[in-house]
Amino acid sequence: MLAKRIAIIGLGNTLRREDGIGIMVLESLLNFYRREDIDYLNFGIASFDLLHRIEKYDTVLLIDAIDASLKPGELKIFELEKIEYSQKDSPGSTHELDLKSIFELYKKLKVNTKVYVAGIQVKDVSSGEGLTEDLQERYDGIVKEISSFVDGLVLTRAK
């Protein structure tokens, strides 16, 4: 049996409104765009075990809420290793192991996995559930954009 070498990992806290967008998108991908050759993992609020899981794959896509001063619902997909962080303008995650921390550990541990981040600009991470109107309007488009990106990863890997 051939090992699955691509993983999609959803991050976030669904009890903090839009902070759970990564988990919501992961569930939509599982329900509507599932591929048998990909592992789909719900990592909730990221833990240090995330890096150990990442290194088991050739390619990983992390889906997470970000605060990067973009328009609510704006999606940015980038390679983790190509990001340069500064205190002021870093696309930061909204929970304890943020993208900057993951990036620093990734570099320090010299993980060979190609890691992409699908960062979704959020507006409200207060206690509660559900999305604001801004994100709800963009939600289906976000899921489709991420699904298309994943299709591209699979095609690239197949070559």
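Values for this structure:
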item	result
Hits in the range 102-154 - residues which are in contact with a Phe, Trp or Tyr (Cβ under 9 Å, 6 or more places away or on another chain) and among the small types (Gly, Ala, Ser)	ALA118, GLY119, SER147
Some residue of the range 57-67 being outside any helix (DSSP H, G or I) and farther than 17 Å from GLY119 by Cα	yes
Filter pass, LEU99 being at pLDDT 90 or above and buried (at least 20 other Cβ atoms within 10 Å of the Cβ)	no
Options ILE38, ILE63; residue that is more than 29 Å from SER126 (Cβ to Cβ) and crowded, with 19+ Cβ neighbours inside 10 Å	ILE38
Residues (more than 20 Å from ILE45 (Cα to Cα), touching a residue at least 60 places away in the same chain (Cβ under 8 Å) and charged (D, E, K, R)) located in the range 119-159	ASP134, GLU137, ARG138, GLU145, ARG157
Hits in the range 115-157 - residues which are surrounded by 20 or more Cβ atoms within 10 Å (Cβ to Cβ), assigned to a helix (DSSP H, G or I) and out of contact with any Leu (no Cβ under 9 Å at 6 or more places or on another chain)	LEU135
Of residues in the range 8-33 being of a type in the set (A, V, I, L, M) and farther than 21 Å from THR113 by Cα, the one modelled with the lowest pLDDT	LEU15
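The values are calculated or read from the model by the stated rules, or taken from the named source; none is laboratory data. Quantities reported herein were computed from a predicted structural model and do not represent experimental measurements. Counting neighbours? That spans all protein chains shown, and the Cβs are built from the backbone with ideal geometry, glycine included.
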